[in-house]
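The values are calculated or read from the model by the stated rules, or taken from the named source; none is laboratory data. Just so you know, these numbers come straight off a predicted model, no measurement behind them. Quick reminder, even Gly has a Cβ in these numbers, built from the backbone with ideal geometry, and neighbours come from all protein chains shown.
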Amino acid sequence: MLSLILRRTSDQVTRIKSNYSDLRFVLSAFFISRLFVWITAFLFEYFTGGHRTLPWAMCNWDCHWYLTIINAGYHSAPIITPHHPTSDPANWAFFPFFPVLSGLIANPTGMSGLMSAYWVSNLSFFFALILLFQYSRKLFSEETARFIVLAIAFSPFSYYFSAAYTESPYFLFMIGALYFARESAWITAGLFAAALTATRNLGVTVFFSFLILAVKQFGFRSLIRLQAGSHRAVLALALVPLGLFGYLFYLNHHVGDALAFLHVQAAWGNEKLGNPLIVMWRAMTEQALSGKFRAGSGILGILAGIYLWRRGFAAEGLIPILGTLIPFAVRPNSMQRYVLTLFPVFVALGMLTENRNKLRRGILIAFVIICAYFIGAFVGGRGFTT
């Protein structure tokens, strides 16, 4: 599966080479934005008197949990820690594709687990930008496609695309799944989706996006009857939960609880489902600015999804809608990161700002400034950046 995904992604690299200016643009967007992230992180660590090396300065919160998986695999039992007084945590909450792939790179190369994670994260982001540019250029003008790529490369939370987190692989597999589904390459789309659900459980929401595109391409009756080549789309739909089911099977074998990734959420105070709209309202009415920021991010995600839906991009619009409501019901503390790294949000931004070049330049300048501030807060351990 991984080899086919890499081969398909590599095919897109070959296609984009046919136009040198396009390749140069994507490479520039990637390298300049990544240099900006790493140099900014270094400067904040240095001038605040920190003594960590740059890789460790960018490793906070969930990064350490992923390292436990990369270096030693999944826990066989919860660990006792005073930092989680309500329940004992375990690394079962973190899905396997990203840390397992990082470990596969680290073991034969002798690279540290942290550095291999950075390689996976940054390479995933590079390939994701290539697919995003191809996707955007097929649907919009080249100017809009370039803006969408720049907007996500320098977005306020773009530093997560270089950190030891799942944001980059999730972005890559999400854009790959939608891109190849729109191209009617359904088997490849299904494999991207399977990798997506092995990266983060929320990836299963792409099933509904697939369904929308499949009905649009073949019609509902053809799908039901497997007519006119629709069997490939049906197979892709069946492949979507493959990564999730694989992890459930592993957890059942490893710890005797297929839903351990859900049950262990109690250690982070996320054991109960809530009404996402009520949770969003409570966050909005909090005195702390962090709560208002979370709620504002959620509202932005829902509005972006509705806008895309109304503009005829229902498959893409569903992603930020579900990507907002489900986390607000389960784990609202990381809401801003979950929403503001979803590529459809930036597609909506590109569509909204068509033929408004001055506005686009202003947005990019604002993104760079906000991102720099957030990088400093992230390096400094400020919780609202998680």
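Evaluating Ala177 against the criteria (1) crowded, with 24+ Cβ neighbours inside 10 Å; (2) farther than 23 Å from Ser230 by Cβ leaves one unmet condition, (2).
Just one of the listed residues (Pro99, Pro82, Pro78) is surrounded by 14 or more Cβ atoms within 10 Å (Cβ to Cβ) and at pLDDT below 95, namely Pro78.
Would you check if there is a residue in region 140-150 being surrounded by fewer than 24 Cβ atoms within 10 Å (Cβ to Cβ), in a helix (DSSP H, G or I) and in contact with a Gly (Cβ under 7 Å, 6 or more places away or on another chain)? Taking every residue of region 140-150 in turn, at least one turns out to be surrounded by fewer than 24 Cβ atoms within 10 Å (Cβ to Cβ), in a helix (DSSP H, G or I) and in contact with a Gly (Cβ under 7 Å, 6 or more places away or on another chain). The sole residue among Ala233, Ala214, Ala195, Ala185 that is among the small types (Gly, Ala, Ser), under 17 Å from the mean Cα position of the chain (by Cα) and outside the structural domain of Glu316 (by TED's automatic domain parsing) is Ala195. Quick one: would you say Ser121 is assigned by TED's automatic domain parsing to the domain that holds Thr53, part of a loop (DSSP other than H, G, I, E, B) and either free of Cβ contacts under 8 Å to residues at least 24 places away in the same chain or under 24 Å from Val206 (Cβ atoms) (or both)? In short, no.
Return the pair list, or none, for Cβ contacts closer than 7 Å from residues in region 240-266 that are within 27 Å of Gly176 (Cβ to Cβ) and touching a residue at least 40 places away in the same chain (Cβ under 8 Å) to residues that are of a type in the set (Phe, Trp, Tyr) and not in a helix (DSSP H, G or I), at least 6 apart or on different chains. Once the first residue is within 27 Å of Gly176 (Cβ to Cβ) and touching a residue at least 40 places away in the same chain (Cβ under 8 Å) and sits in region 240-266, its partners that are of a type in the set (Phe, Trp, Tyr) and not in a helix (DSSP H, G or I) give Tyr247/Phe95. Exactly one residue out of Tyr160, Tyr165, Tyr170 is at pLDDT 95 or above, buried (at least 22 other Cβ atoms within 10 Å of the Cβ) and not in a helix (DSSP H, G or I), and it is Tyr165. Inspect region 236-246 for any residue being outside any helix (DSSP H, G or I), surrounded by 14 or more Cβ atoms within 10 Å (Cβ to Cβ) and not acidic (Asp, Glu) and give the result as yes or no. For region 236-246, residues outside any helix (DSSP H, G or I), surrounded by 14 or more Cβ atoms within 10 Å (Cβ to Cβ) and not acidic (Asp, Glu): present. When region 204-229 is filtered for residues that are crowded, with 19+ Cβ neighbours inside 10 Å and hydroxyl-bearing (Ser, Thr, Tyr), the ones remaining, listed by number, are Thr205, Ser209.
Taking first residues from region 289-303 that are among the charged types (D, E, K, R) and partners that are at pLDDT below 90 and crowded, with 24+ Cβ neighbours inside 10 Å, the Cβ contacts under 9 Å between residues at least 6 apart in sequence or on separate chains come to Arg294/Met280; Arg294/Phe328; Arg294/Met335; Arg294/Gln336.
A Cβ distance below 7 Å, combined with a sequence gap of six or more or placement on separate chains, defines the contacts here; from region 332-355, residues that are closer than 21 Å to Gly176 by Cβ and assigned by TED's automatic domain parsing to the domain that holds Trp309 reach residues that are of a type in the set (D, E, K, R) and part of a helix (DSSP H, G or I) in the pairs Thr341/Glu167; Pro344/Glu316; Val347/Glu316. Here the condition is being closer than 21 Å to Ala153 by Cα and either surrounded by fewer than 24 Cβ atoms within 10 Å (Cβ to Cβ) or at pLDDT 95 or above (or both); of Gly376, Gly274, Gly383, Gly312, it holds for Gly376 alone.
Residues in region 260-294 that are in contact with a helix residue (DSSP H, G or I) (Cβ under 8 Å, 6 or more places away or on another chain), among the small types (Gly, Ala, Ser) and outside any helix (DSSP H, G or I): Gly274 only.
Here Phe343 meets each of (1) surrounded by fewer than 20 Cβ atoms within 10 Å (Cβ to Cβ); (2) of a type outside the set (Ser, Thr, Tyr); (3) within 23 Å of Leu202 (Cβ to Cβ); (4) in contact with a Phe, Trp or Tyr (Cβ under 8 Å, 6 or more places away or on another chain) with one exception, condition (1).
The requirement of being closer than 28 Å to Ala236 by Cβ and in contact (Cβ under 8 Å) with a residue 40 or more places away in the chain is not satisfied by Ser158. So for region 158-165 (the condition being at positive phi and not assigned by TED's automatic domain parsing to the domain that holds Val347), does at least one residue qualify? No - not one qualifying residue is present in region 158-165. Filtering region 349-365 to residues that are among the hydrophobic types (A, V, I, L, M, F, W, C) and either under 23 Å from Ile306 (Cβ atoms) or crowded, with 20+ Cβ neighbours inside 10 Å (or both) leaves Leu349, Met351, Leu352, Leu359, Ile363. Restricted to region 183-226, and to residues there that are of a type in the set (Lys, Arg) and part of a helix (DSSP H, G or I), the residue that is nearest to Trp309 (Cα to Cα) is Lys216.
Let's see how each residue does on (1) touching a strand residue (DSSP E or B) at 6+ places or on another chain (Cβ under 9 Å); (2) modelled with pLDDT under 90; (3) not small (Gly, Ala, Ser):
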{"position": "Val264", "(1), (2), (3)": "no, no, yes"}
{"position": "Ser290", "(1), (2), (3)": "no, yes, no"}
{"position": "Glu316", "(1), (2), (3)": "no, no, yes"}
{"position": "Val330", "(1), (2), (3)": "no, yes, yes"}
{"position": "Leu342", "(1), (2), (3)": "no, no, yes"}
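Is it the case, given these coordinates, that Val37 is under 23 Å from the mean Cα position of the chain (by Cα) and at pLDDT 95 or above? Against the criterion (under 23 Å from the mean Cα position of the chain (by Cα) and at pLDDT 95 or above), Val37 qualifies. The set of residues in region 251-278 being of a type in the set (Phe, Trp, Tyr) and farther than 19 Å from Gly73 by Cα consists of Trp268 alone.
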